[in-house]
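*Asks:* For reference, the structure I am asking about is given below.
Read the figures in this text as sums done on the coordinates, not as results from a lab. Computed from a predicted model, the values in this text were never measured in an experiment. Cβ atoms come from the backbone with ideal geometry, glycine included; neighbour counts cover every protein chain shown.
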Amino acid sequence: MMKREFVMVGNSLTLDFINTRICKQGQVIDLLEGTDDLSEWLECAGLLRYVSGSYAALDAETKQRLFTDFLRVRDVLMELVRDVMASGELTNGHKEQLNEELRKYPCTKQIDGQETDMHIESYYEAAYLPGAIVDNAAFLLTTVSPSKIKKCSNEECILFFYDNSRNASRRWCSMSTCGNRVKVNQHYHRKRGRE
Ligand SMILES: [Zn+2]
């Protein structure tokens with residue numbers, strides 16, 4: 001059973017990972033408080049299938065070290081994504097930062113899939129698994145226009161998403177939460193304004 005309700009609205013592994021920090025009633029909540037939370041998120045995000053060897057078989061100390069490294073990578077990527085969004089481009093400095101992270105996590109390439117669906121996949125030893133997210137971030141930031149990486153328009157929300165809608169008009173992490181909440185607020189203010 002999942003103890004945590006993870007938010008998978010980012011259209012991107014990298015942004016979903018950054019979105020493990022959420023904001024509720026003005027308070028930032030970290031959904032990754034320990035190794036068990038991380039294991040659940042990795043499962044939820046489908047990352048465990050890119051581990052060569054067994055993640056479950058890792059000893060507690062290795063899991064703890066891995067957890068710390070995942071959080072470090074999250075900080076690095078969060079800052080990087082914000083910075084790329086602010087500057088509107090992937091600068092040489094950003095590129096170097098990503099390359100530095102990429103160099104830390106060796107992987108093995110394998111051809112997966114059948115017939116027309118064949119593709120190259122990267123597999124990581126468990127201790128290098130953060131590399132899967134770094135790799136995804138490098139792909140996102142080198143292939144997607146920074147203008148399509150957005151923060152939710154609800155000022156109280158800190159979630160990010162990749163807007164792949166046709167006219168790039170997505171504004172909310174989720175229509176059912178932030179989108180509606182803001183609309184309800186505006187409606188309420190309009191009504192009050194008339195009174
Ligand atoms: Zn939101």
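*Asks:* Order of 24-34, 127-137 by packing, highest average Cβ count within 10 Å first? Kindly include the intermediate steps, with their values, before the conclusion.
*Replies:* Working: 24-34: 10.6, 127-137: 21.7.
Sorting 24-34, 127-137 by mean packing, highest first, produces 127-137, 24-34.
*Asks:* Now, a different point. In whole angstrom, note down how far apart the Cα centers of the stretch 132-164 and the stretch 44-116 are.
*Replies:* 15 Å
*Asks:* I'm checking a number: the convex hull volume of the Cα atoms of the chain, normalised per residue, in Å³. What is it?
*Replies:* Values: hull volume 31.1 nm³, N = 195.
Normalising the Cα hull of the chain by residue number yields 159 Å³.
*Asks:* Only helices at least 30 Å long along their own axis, judged from Cα atoms, and with Kyte-Doolittle mean hydropathy of -0.5 or greater: name those in the chain from DSSP H.
*Replies:* Values: long enough: 60-87 (40 Å, 0.00).
Answer set is 60-87.
*Asks:* So what is the calculated 222 nm ellipticity per residue for the chain, using -39500 (n - 2.57) for each DSSP H run with n of 4 or more, over all residues, to the nearest 500 deg cm²/dmol?
*Replies:* On the way: 6 runs with 86 residues, N = 195.
Value at 222 nm, helices only, nearest 500: -14500 deg cm²/dmol.
*Asks:* While we're on this one: Could you please rank LYS148, LYS104, LYS63, placing first whichever residue has the fewest other Cβ atoms within 10 Å of its Cβ? All intermediate terms of the calculation are to be shown ahead of the outcome.
*Replies:* Working: LYS148 16, LYS104 12, LYS63 19.
Lowest to highest Cβ neighbour count: LYS104, LYS148, LYS63.
*Asks:* Identify, among ALA132, LEU77, THR116, the residue whose Cα sits farthest towards the positive end of the charge dipole of the chain, taking +1 on the Cβ of Lys and Arg and -1 on the Cβ of Asp and Glu, with the dipole about the Cα centre.
*Replies:* LEU77
*Asks:* Can you tell me the dipole magnitude for the chain around its Cα centre, using point charges on the Cβ only (Lys, Arg +1; Asp, Glu -1), in Debye to the nearest 20? Intermediate values should be presented prior to the final figure.
*Replies:* Working: 26 positive and 28 negative charges, 276 e Å.
Dipole magnitude for the chain comes out near 1320 debye.
*Asks:* Given 25 °C and 0.890 mPa s, how large is the Stokes-Einstein diffusion coefficient of the stretch 41-97 in µm²/s, with Rh as the Kirkwood radius over Cα pairs?
*Replies:* On the way: Rh = 13.6 Å.
Roughly 181 µm²/s, to the nearest whole number.
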